[in-house]
Amino acid sequence: MREYRFKRGYKPDEGRLEELIRKYFGEFEKDGNVYVVRYGAMEELRLWIENKRLYAETRTNPKVTEDVAVQTIKTYNKFLEELTGYTAKERAKMMKKEVESG
């Protein structure tokens, strides 16, 4: 499971989450407060907002072509950047800091 913070000015709001899921991935299912997405190499992506943070659990299909895998990662990164305000590079840096301090 991954945990993502929101940059100041980016609201951890379910309405925005739904809107951006539709924009980047199309359809989704809802299981309580958890959004379930199936897209590209992601067999299942479970997203929810709790304590002003985004949580994501991903189950991927290792058998997809490299093109599908690369496209899936690019789309997911664009989605996360628009939702949280942090680029992939900034998220990696924060994750590295948390691992080192924690």
Report the percentage of all Cα-Cα pairs in the chain whose separation exceeds 17 Å, rounded to a whole percent.
53 percent
Unit charges at the beta carbon, dipole of the chain: most positive-side option, M42, L20, G9:
G9
Among N61, N51, N77, determine the one that fluctuates most according to a GNM of the chain built with springs between C-alpha atoms less than 10 Å apart.
N51
Could you give the dipole magnitude of the chain about its Cα centre, charging the beta-carbon of Lys and Arg +1 and that of Asp and Glu -1, in debye to the nearest 20?
480 debye
Tell me, what HN-Hα J-couplings in whole Hz come from the Karplus equation 6.51 cos²θ - 1.76 cosθ + 1.60 at θ = phi - 60° for each residue of segment 11-26, using x for Gly and Pro?
7, x, 10, 5, x, 5, 4, 4, 4, 6, 4, 4, 4, 8, 10, x
Max mean-square fluctuation residue, GNM over the chain, Cα-Cα springs under 10 Å, options G85, G40, G26:
G26
For E44, other-chain or 5+-apart residues with amide H closer than 5 Å (H placed, Pro excluded) are R59
Using Cα positions and a limit of under 20 Å, work out the aspartates and glutamates in reach of K11, with same-chain residues fewer than 8 apart set aside.
E3, E19, E50, E81, E82, E90
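Read the figures in this text as sums done on the coordinates, not as results from a lab. What you see is a predicted model; the values in this text were computed from it and never measured. Glycine also receives a Cβ, built like all others from the backbone with ideal geometry; neighbour counts cover every protein chain displayed.
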